[in-house]
Amino acid sequence: MADAEKAKGNAAFSAGNFDEAVEHFSAAIALDPSNHVLYSNRSAAYASLKKFDEAHTDASKTTELKPDWPKGYSRLGAALYGQGDLEGSVEAYNAGLAIDPANDTLKAGLEEVEAVLARQSANPLGGMANMFSSPDVWAKITANPQTRPFLQQPDFVEKMNALQKNPNNLGAHMSDPRIMQVLGVLLGVNVQTPDSFAEGEGIDLGAKKAAPKRREPEPEPMETDEEKSAKKCKEDAIKEKELGNAAYKKKSFEEAIKHYKAAIELDATDISFITNLSAVYLEMGDFDECIKQCETAIEKGREIRADYKIIAKAMTRKGTALEKKGDMEAAIQIYTKSLTEHRHPDTLKKLKECEARLKKNTEEAYLNPELAEEEKAKGNEFFKNGDFPNAVKHYTEAIKRNPTDHKLYSNRSACYMKLVAFNEAKADAEKCIAIDPTFAKGYTRKAGVQYFMKDYNKAIETYQEGLNKCGDPNNEELKKGIQSCAHMMNAANRGELTPEEQKERQERAMQDPEIQQILSDPVMRKVLNDMQEDPKAAQDHLKNPMVLGKIQKLVSAGILQIK
């Protein structure tokens, strides 16, 4: 089996037995010639043996079989570097980085080669490298009996051709004794044997200093049977999930359940399978089973430290199931807990809607018109006895029991008036009118507040609105209210109010948005100015019904006095 030979090759490589590793990788290739990893591993073994030509061939085969695999370009870059083709090595590393820009191995290899190129550019061996581009270099090699045999060696000829094209690559080839021998010939140095350089004879060209220290290549790791099985299970689980998703979209829920359960059995570490299963039960209306699956997903997610977003999703789905079961309080709790895991806008929306429904349900469950009447009777009794705080308490309870009874708001408004809580009294009167616009008492309550706040103009408007809507244009209480307000306005206009009362009246009027709008109107400011300085122009202004109405509004509010 190819995998068995690959495993033996990896073991031999790890033990430093590179020849043996080549044998096993070759045997594996014979059994599986289309496996790019095998060529990559054998390239690494050849590179470790300094057989860079063979390493280059295998690396090229690797990129041919798997052009989108970054590791192949790492092998190719290393082999080209070993051959002395630094520019080619740079191109190989860059090709790999174009596929995987974050690959550390490719980055390190590229940096290493570029550093050599930089050193060569900074110190090109004192011009010695240029000797290889000399026209008579081949003649000198042929004339020398020691270098002449090298011409029969194809790899030597290839290296010499490369050096002639790019002499600056000399440093990368100085580990080859044949190149050193040629250099000696070109320099006129009598080099007897290649070993003489290693023993310190001849000239010191700094070759060893120029050669960079390279990292040894490593073969691809061998997957264990357990790892292979786990990988296969994950792949099969994803396929089951996709089948489940397709069935879910078709509303084939039983089929979806079957596929999701199969995915869970194949891979228990992916809780998205469980949350998908819970979604099926939710759609089927089996809320208890949905909740059970969500709890399983949450527990399993905590155990395997799953993404908090997935755990939050399981919590939200549990909340949805609880809400559909009618357990609003439990749903609110789990929604809130989900938001602490991940603040998703959909969960926040569900929480707010659930809280609103719970509030509405609670209020509706509290409704009881009969008990409301009992509380109203208690409130009436306290009102008669002058105990207005307790009267408010019972009227409030009555309103909770029956919030559509307009008379309850009218009664509580009367209590607030007695307690000088004018804003609360006015709000209750307006609520009373909103519920029953024909109820005259609601208008008298509201106008009464306005009267006590010395907003006589507003009070008259409210009384008049009551006469128009209550169905009784001769309602005595409403008509008397208008008369009382008119009397107070006339008294104010006659100057019968004390300065303090007049000031208070004007301050209240100035808080009215309508009065503020009139006074901020440039046209009205011109009219008011003419009334003081040009009476004739003022008379012309008053012929305009709109202007006249606004002047009357200011007079009624006590802002403007006409004597």
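Results, tabulated for the structure shown:
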item	result
Positions within the stretch 154-176 being among the small types (G, A, S) and either touching a Pro at 6+ places or on another chain (Cβ under 8 Å) or at pLDDT below 80 (or both), in sequence order	G171, A172, S175
Given (1) open to solvent by 30 Å² or more (accessible area, probe 1.4 Å); (2) farther than 20 Å from A429 by Cα; (3) modelled with pLDDT of 95 or more, number of the condition E375 does not satisfy	(2)
Residue in the stretch 490-500 that is among the hydrophobic types (A, V, I, L, M, F, W, C), at pLDDT below 85 and in contact with a Phe, Trp or Tyr (Cβ under 9 Å, 6 or more places away or on another chain) present	yes
Flag if I311 is among the β-branched types (V, I, T) and either open to solvent by 30 Å² or more (accessible area, probe 1.4 Å) or within 30 Å of M453 (Cβ to Cβ) (or both)	no
Qualifying residue in the stretch 530-538 (condition: outside any helix (DSSP H, G or I) and modelled with pLDDT under 80)	yes
Sole residue being of a type in the set (G, A, S), assigned to a helix (DSSP H, G or I), over 30 Å from G326 (Cβ atoms) and within 49 Å of the chain's Cα centre (by Cα), chosen from A414, A377, A427	A427
Test: residue in the stretch 308-325 that is outside any helix (DSSP H, G or I) and not small (G, A, S)	no
Subset of the stretch 90-110 (residues that are crowded, with 23+ Cβ neighbours inside 10 Å and of a type in the set (A, V, I, L, M))	A92, L106
Close pairs (6 angstrom Cβ cut-off, 6 or more residues apart or separate chains): in contact (Cβ under 8 Å) with a residue 12 or more places away in the chain in the stretch 163-186, hydroxyl-bearing (S, T, Y) and open to solvent by 10 Å² or more (accessible area, probe 1.4 Å) anywhere	Q164/S133; P167/S133
Conditions (1) modelled with pLDDT under 85; (2) touching a helix residue (DSSP H, G or I) at 6+ places or on another chain (Cβ under 8 Å): number failed by Q511	(2)
Residue identified as within 30 Å of L282 (Cβ to Cβ), within 25 Å of the chain's Cα centre (by Cα) and loosely packed, with under 15 Cβ neighbours inside 10 Å among T340, T320, T362	T340
Residue within the stretch 541-559 that is more than 23 Å from K454 (Cα to Cα), at pLDDT below 80 and assigned to a helix (DSSP H, G or I) present	yes
Counted residues, the stretch 451-469 - those being without any contact (Cβ under 8 Å) to a residue 24 or more places away in the chain and closer than 20 Å to A557 by Cα	5
The stretch 241-275 - residue that is surrounded by 17 or more Cβ atoms within 10 Å (Cβ to Cβ) and among the charged types (D, E, K, R) and, of those, farthest from E295 (Cα to Cα)	K241
Tally of residues being small (G, A, S), surrounded by 13 or more Cβ atoms within 10 Å (Cβ to Cβ) and without any contact (Cβ under 8 Å) to a residue 40 or more places away in the chain across the stretch 502-547	2
Every pair of residues 6+ apart whose Cβ atoms lie under 7 Å, when the first sits in the stretch 439-450 and is more than 18 Å from T404 (Cα to Cα) while the second is open to solvent by 40 Å² or more (accessible area, probe 1.4 Å) and among the aromatic types (F, W, Y)	V449/F422
Positions within the stretch 548-563 being of a type in the set (D, E, K, R) and either in contact with an Asp or Glu (Cβ under 9 Å, 6 or more places away or on another chain) or open to solvent by less than 40 Å² (accessible area, probe 1.4 Å) (or both), in sequence order	K550, K553
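Quick grid of which residues meet (1) modelled with pLDDT of 95 or more; (2) open to solvent by less than 40 Å² (accessible area, probe 1.4 Å):
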position: N390; (1), (2): yes, no
position: A414; (1), (2): yes, yes
position: N423; (1), (2): no, no
position: E476; (1), (2): no, no
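For every residue, the table says whether it meets (1) modelled with pLDDT of 65 or more; (2) more than 28 Å from S40 (Cα to Cα); (3) touching a helix residue (DSSP H, G or I) at 6+ places or on another chain (Cβ under 9 Å).
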| residue | (1), (2), (3) |
| --- | --- |
| D136 | yes, yes, no |
| N144 | yes, yes, yes |
| Q152 | yes, yes, no |
| R178 | yes, yes, yes |
| L183 | yes, yes, yes |
| L205 | no, yes, yes |
| A211 | no, no, yes |
| E220 | no, no, yes |
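The values are calculated or read from the model by the stated rules, or taken from the named source; none is laboratory data. What you see is a predicted model, and the numbers here were worked out from it, not measured in a lab. Please note: Cβ atoms are built from the backbone with ideal geometry, for glycine as well, and neighbour counts cover all protein chains shown. Heavy atoms of the whole protein, side chains included, go into the accessibility calculation; ligands, DNA and RNA do not. Shrake-Rupley method; radii C 1.70, N 1.55, O 1.52, S 1.80 Å.
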